[in-house]
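The values are calculated or read from the model by the stated rules, or taken from the named source; none is laboratory data. The structure displayed is predicted, hence computed values, not measured ones. Note: ideal-geometry Cβ built from the backbone for every residue, glycine included; neighbour counts use all protein chains shown. Surface accessibility is based on the protein's heavy atoms, side chains included, excluding ligands, DNA and RNA. Shrake-Rupley method; radii C 1.70, N 1.55, O 1.52, S 1.80 Å.
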Amino acid sequence: MAELLPAARADIEARLAPVDPAVMAGLMQRMWDAGVPQPEPITLAEWRRLLSPYPAAVLASAFDQVVRTHRWPDPPKIADVVRWVGEAMTRLTDWRHTIAQAELRAKLEAKGRADDDARRARVARWQAGLSPEDRDALAQVRARLAAGESAAAIVAGSMRT
């Protein structure tokens, strides 16, 4: 699963990339061609400035919604477009957050596996150095723990002898 995360990260970042100016011009022209009244040229510059941070797919969907819902002879406002942008942007940014969380979780799990492997290696080296008597004592302690006796009771009993 962790090996799929870089591709997922690249995909979501591509989906969130700001719209290319040429694509933005094409999307806006498509809206005007659909019969939505075009704003004044000075206002179009503000449209480009304020809408350029959004991804192309999100803007395309928002412009389509404006075409479907605009009923007045006046040109639509930037707010008429932005109102349709919110849900798609929330969905995309939520996916970015989910992927970031998955990357963090994968990194922590990999570190945990490495720590577990290192601990197992240390325990194996330690056990290899035990004498036969110490191995028997260790087996007895493990059996007592498996039987439900608390470690504190075992330690307390060994300190009395």
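Considering only region 75-95, state which residues are among the charged types (D, E, K, R) and closer than 14 Å to M31 by Cβ. Within region 75-95, K77, D80 qualify.
Please state which one of A128, A151, A143 is over 28 Å from L5 (Cα atoms) and modelled with pLDDT of 90 or more. Full working, then the answer.
Working: A128 fails: modelled with pLDDT of 90 or more; A151 fails: modelled with pLDDT of 90 or more.
Only one candidate qualifies: A143.
Annotation: K107 fulfils all but one of (1) touching a residue at least 40 places away in the same chain (Cβ under 8 Å); (2) surrounded by 12 or more Cβ atoms within 10 Å (Cβ to Cβ); the unmet one is (1). Among the residues of this structure, R113 counts as one that is part of a helix (DSSP H, G or I) and either without any contact (Cβ under 8 Å) to a residue 40 or more places away in the chain or within 30 Å of A10 (Cα to Cα) (or both). Within region 116-153, can you find the residues that are hydrophobic (A, V, I, L, M, F, W, C), open to solvent by 60 Å² or more (accessible area, probe 1.4 Å) and assigned to a loop (DSSP other than H, G, I, E, B)? Correct list: A147 only. Taking region 92-104 as the range and being under 20 Å from Y54 (Cβ atoms) and exposed (fewer than 12 other Cβ atoms within 10 Å of the Cβ) as the test, the residues that pass are D94, H97.
Filtered by the rule that a residue be under 17 Å from S61 (Cβ atoms) and either among the charged types (D, E, K, R) or part of a loop (DSSP other than H, G, I, E, B) (or both), region 10-20 gives R15, L16, A17, P18, V19, D20. Go through the residues of region 97-111 one by one and say whether even a single one is at pLDDT below 85, more than 30 Å from P21 (Cβ to Cβ) and under 33 Å from the mean Cα position of the chain (by Cα). Checking region 97-111: at least one residue is at pLDDT below 85, more than 30 Å from P21 (Cβ to Cβ) and under 33 Å from the mean Cα position of the chain (by Cα). Checked against (1) closer than 30 Å to P37 by Cβ; (2) open to solvent by 80 Å² or more (accessible area, probe 1.4 Å), G86 meets all criteria but (2).
Before we move on, is G35 free of Cβ contacts under 8 Å to residues at least 60 places away in the same chain, more than 26 Å from E103 (Cβ to Cβ), open to solvent by 50 Å² or more (accessible area, probe 1.4 Å) and of a type in the set (G, A, S)?
Working: free of Cβ contacts under 8 Å to residues at least 60 places away in the same chain: yes; more than 26 Å from E103 (Cβ to Cβ): yes; open to solvent by 50 Å² or more (accessible area, probe 1.4 Å): yes; of a type in the set (G, A, S): yes.
Considered against the rule, which asks whether it is free of Cβ contacts under 8 Å to residues at least 60 places away in the same chain, more than 26 Å from E103 (Cβ to Cβ), open to solvent by 50 Å² or more (accessible area, probe 1.4 Å) and of a type in the set (G, A, S), G35 comes out as yes.
The residues listed here are A22, A56, A60; of these, the one that is at pLDDT 95 or above and surrounded by fewer than 15 Cβ atoms within 10 Å (Cβ to Cβ) is A22.
Could you please give the count of residues in region 21-76 that are of a type in the set (F, W, Y) and in a helix (DSSP H, G or I)?
Within region 21-76, the subset of a type in the set (F, W, Y) is 32, 47, 54, 63, 72.
If we keep only those that are in a helix (DSSP H, G or I) as well, we get 32, 47, 63.
Adding up the residues that qualify gives 3.
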